[in-house]
Structures are given as C-alpha cells and as structure tokens.
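Input: a single structure, listed below in structure tokens.
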Amino acid sequence: MSSIHVQTTINGDAAEFLCEPRQSLLEALRDILRLTGTKEGCNDGNCGACTVEMDGRIVPACLVLGAEAEGAEILTVEGIARGGALDAVQRAFLEGAALQCGVCTPGFIVAAKALLDLNADPTEAEIRLWLANNLCRCTGYDKIVRSVQAAAANRREEAAT
Amino acid sequence: MHWIEYLRPSTLDECLDAFAEHGANARGLAGGTDLLVQMRAGRRTNAVVIDLKAVPELNELSCDSASGLTLGAAVPCYRIYGDRAVCELYPGLIDSVSMIGGTQIQGRASVGGNLCNASPSADVIPALIALRATCLIASADGRRTVPVEDFCTAPGRNVMRHSEVLVSLHLPPPGPGSGAAYLRFIPRNEMDIAVAGAGVSVVLDGGTFTAARVGLAAVAPTPLLVREAGEALCGCRVSRAALEAAGEAARAAASPISDMRGTAEYRRNLCAVLTRRALETAVNRAGGVLD
C-alpha cells in the first residue's frame, strides 16, 4: 500500500509529488500540489473543466493517473500567463465576458490556447468542434467562440508587428 | 476508486510476464477513457492496472503503401489522424478516430482500447472490419492472430484470455481502386454514442465492384461484418441500384434492440441509409462515378 514518487514538469518547472496509484492527475494537481486552477466537473471525461496539456496535447486530467505524469510536461491554466502578463486568450475572455460562474473557464482557456497554437486562424466551425469536449452551462457558448476568434485575431496582429 | 497497484512495464516481455502473474486481477491501461470511468463507477474491480504506453510494440505506428498499417494497440487517436500516410491510405479509419469523443478524449483514447472495450457501438470497429484488420494477440506462451470481426464476443467481452495482451492491429495495404468510409448517426453534432454506424470499403475496376466489405455498429450484441452486403456488390456495376441492394442487405442483417437512443425499427432503417451513404463516399474516394 505504498505511494508512488512522481517526477514531472509542471508549467516549465521541475515538480515532484507522492500520490496513491489510484489518484488521478487532477487529484494530484489540486489536492497534493495545490494547483487549484484546474477544476473538477464531471470526473468522467465529458465536461473538459480539468483540461490540461500533457506533452503538447490537451487531455482530461481526470482520466490520467497521477503516476502517468512521470517524465511528462504538464501545462495547467496557472502556466498560461507569462511574466505576469495574461495570454491573448485570457484577455479576450475578460474583454468578451466569456465567463460567468468560471468553473469551466480554465479548461476552455487551456483548450483554446492549444487550438490557436496549432491553427492561427480557425473558422467558427473549427472552434466549436475543437471545444466540443468543454461544457459551459452559463454563457451559451457564443461569447466563448467570439472571444477565441478575437484572441486569434490579436495573436495574428501581434505576430505581424 | 478502489485501491490499485500500478505497473508500467517498458518491454513487451515484462508486460506479458505481468499479465501472466496477475491474470484476471489485471487490466491493461492505454488511454483510460473507458477503464478509469468504469473503475470509478465500480463496474471494474481489477486490483492491478498495467500501463501499456511504455511498451514500444504497443506504441508503434508505421504505415506505407507496400506493407500497410501496423498500429500499436495503445496509440492514441490524435497520432493516427496526425499521420499523413495514414490519412492518405486509410481515410475510412480517419473518419472513425476523428469522431470519437472530443479533442481531449482523442488525446488519450486508443483504437486498441476501443476494440478491447468491445462496446457494440464502438466507432472504430466497423471501420477496422471494413478494412480487413487483424489483431496480434500475445501472451507469455506465444502469439496468435485474430480477424477483427471475430474479436468481440458479447457486449464488453472479447476473445482474449486474462494472460493475453492486444499488441497491435495490422491493416493490409489498400490496392488500386480502393475506397473506404465510416459514417455514424447521432442526434447531435459531436460527443455522442452511435445510434448506428456503418464502415465500408470497396475495390473498383473499370466501373465494377470487385470487392466490398460492410461493418455495422450498435445494431447487434457485437459489431457486425455483413458478408451479404459485400456479396451484393461484388461483380455489380457501380450504380445507385447496387448501393441500395447493399443497404437492404445491411438492414436485413441487423438485429438491434430498442433503447433510449432509438427503436429497433429506426436502427434498421439507419443501417440501410448509413450503408448506402458510406458507400457513396467510399466510391468517390476510390475515384469511381455512380451510374
């Protein structure tokens, strides 16, 4: 009944923790490392609130065991802002009022940033399909989609100047 | 979740030894999108979880037009649709792996896992059936190969013994004039389970079908190979009438249940429609034109 020692990289920094074999990466992040930006929604992979990037790919942290983080590169919502400056996606969500209760927001931010890293100019349909694994029960999605479009436009402008 | 032991073998031999030792107590972990949910719900109580993702053979993805596709059982969906050669040679497989769950699920879920979970509604299985996939199964005692249409034995059950592991799938190279497609019906745009699904492949030669396979999802206790639908096409001119006949063969082969997703009658109708439409796409992809 021993815990597992996990060495990993979280938001660019080396990190280590002890977890039970049955604990998810979501539990390890929130309950052990106290990185509570990542939220628990459904805990079965449907809602996307716990979305994190793992080795460059977005995954539901509730469906990853903490032990699987060994040697991996994890990016959580806490790592999106750089040097105290919000990312274009975060700024657009604020300016576009793309959140109400905020529980889904960290998952949307991580997922939307990953989309824009792959596709600088996604269509509305591409945004909606990419974010289909993220549920929001407040906004009705339109403000989220428009904010991702605005963030994409801002990023393209910044890249051009 | 109940207490588990977590093992992460780094070679196939270590992996097979672990399954030999733990037998029915063990369950392989690829993407975890079924397993961890089932364990939390108390539907699986295996005490040992064997993470398959560090075993090279289960992570292999190699694809070319001479030898076909070898797909390690733990390779996640996103790696498959991110591979240019697979996209070019196996668009029917790409149809299925790009519609399982959503982006995050596709970052974890594997074709091998979808197969081992043996759900009647699994999206990849009809595509694999249409594409003549074979399963390489290994244990400490040896290896065997099983055609994918014989792999599932009942809802949630497959042919593997407790000591065995699904190592990889092999898809033969598509010859000249080949086309394939997978189509499913769900009442929303994404993130849902098939009411019914049809995976098809065709081979065309001079406006005639020379080979065809049809697989169906969610209309029987296991995914179904409908030999009658393929036979209905073989030797026929590439025409709408031929596709209609194949669709009717698919309708006749289905033995669906009525549940919250749809009635049996509705599902039988879907079999005919989805088979015909998937065949239209497959014919287009094969460069054929419908009479």
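No value in this document is a laboratory result; all are computed from the given coordinates. If you're wondering where the values come from, they're calculated on a predicted model, not measured in any experiment. Because the Cβ atoms are built from the backbone with ideal geometry, glycine has one as well, and the counts that use them run over all protein chains shown.
At-a-glance table
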item: Per-residue [θ]222 nm for chain A (sum of -39500 (n - 2.57) over DSSP H runs n ≥ 4, rounded to 500); result: -9500 deg cm²/dmol
item: Under 29 Å from A:LYS143, Cα to Cα: lysines that are on another chain or at least 8 residues apart; result: A:LYS39, A:LYS113
item: CD proxy at 222 nm, helix term only [per DSSP H run n ≥ 4: -39500 (n - 2.57); per residue of chain B; nearest 500]; result: -9500 deg cm²/dmol
item: Values of log10 I(q)/I(0), in the order q = 0.20 Å⁻¹, for the stretch B:84-203 under a Debye, Cα-only, solvent-free model; result: -1.16
item: Residue-by-residue Karplus 3J(HN,Hα) for the stretch B:70-83, coefficients 6.51, -1.76, 1.60, Hz, glycine and proline x; result: 10, 10, x, 5, 9, 5, x, 3, 5, 5, 6, 7, x, 9
item: Kirkwood Rh in Å, taken over all unlike Cα pairs in the protein assembly as shown; result: 23.0 Å
item: Peptide-level mean, for A:110-120, of C-beta atoms on other protein chains within 10 Å; result: 1
item: Ranked list, fewest to most other Cβ atoms within 10 Å of each Cβ, for A:SER24, B:SER178; result: B:SER178, A:SER24
item: DSSP H segments from chain B that extend 27 Å or more along their own axis, Cα-based, with Kyte-Doolittle mean of -1.0 or above; result: B:264-285
item: Low-density loop positions, trypsin sites (Lys or Arg not before Pro), the stretch B:1-69 - DSSP coil, at most 15 other Cβ in 10 Å; result: B:ARG43
item: Where N is the number of residues in the stretch B:9-143, Cα Rg divided by 2.2 N^0.38 Å; result: 1.05
item: Charge context of A:ASN11, other residues only, Cβ under 12 angstrom, K/R +1, D/E -1; result: -3
item: Kirkwood Rh in Å, taken over all unlike Cα pairs in chain A; result: 16.0 Å
item: Over the stretch B:120-268: Rg over Rh, Cα atoms, Kirkwood Rh; result: 1.00
item: Among B:199-208, B:60-69, A:126-135, the order from most to least packed when residues are scored by Cβ within 10 Å on average; result: B:199-208, A:126-135, B:60-69
item: Test item: B:26-36 mean partner chain Cβ contacts at 10 Å; result: 3
item: Where chymotrypsin sites (Phe, Trp or Tyr not before Pro) fall in DSSP loop in the stretch B:1-72, at most 13 other Cβ within 10 Å; result: B:TRP3
item: Efficiency of FRET from Cβ geometry, B:ALA154 and B:ARG188, R₀ 25 Å, rounded to 0.05; result: 0.30
item: Inverse mean reciprocal Cα-Cα distance (Kirkwood Rh) of chain B, Å; result: 19.2 Å
item: Charge context of A:VAL145, other residues only, Cβ under 10 angstrom, K/R +1, D/E -1; result: +1
item: Within 10 Å of each Cβ in B:46-52, the average number of Cβ atoms from other chains; result: 1
item: Given charges at beta-carbon only (K, R positive; D, E negative), |dipole| of the stretch B:1-132 in Debye; result: 480 debye
item: Rounded to whole Hz, the Karplus (6.51, -1.76, 1.60) HN-Hα couplings of the stretch B:141-155, x for glycine and proline; result: 8, x, 10, 8, 10, 10, x, 4, 5, 9, 6, 8, 10, 5, x
item: With Cα atoms, 0 to 90° folded angle of helix A:105-118 axis to chain A main axis; result: 70 degrees
item: The protein assembly as shown, dipole about Cα centre (Lys/Arg Cβ +1, Asp/Glu Cβ -1), debye to the nearest 20; result: 1140 debye
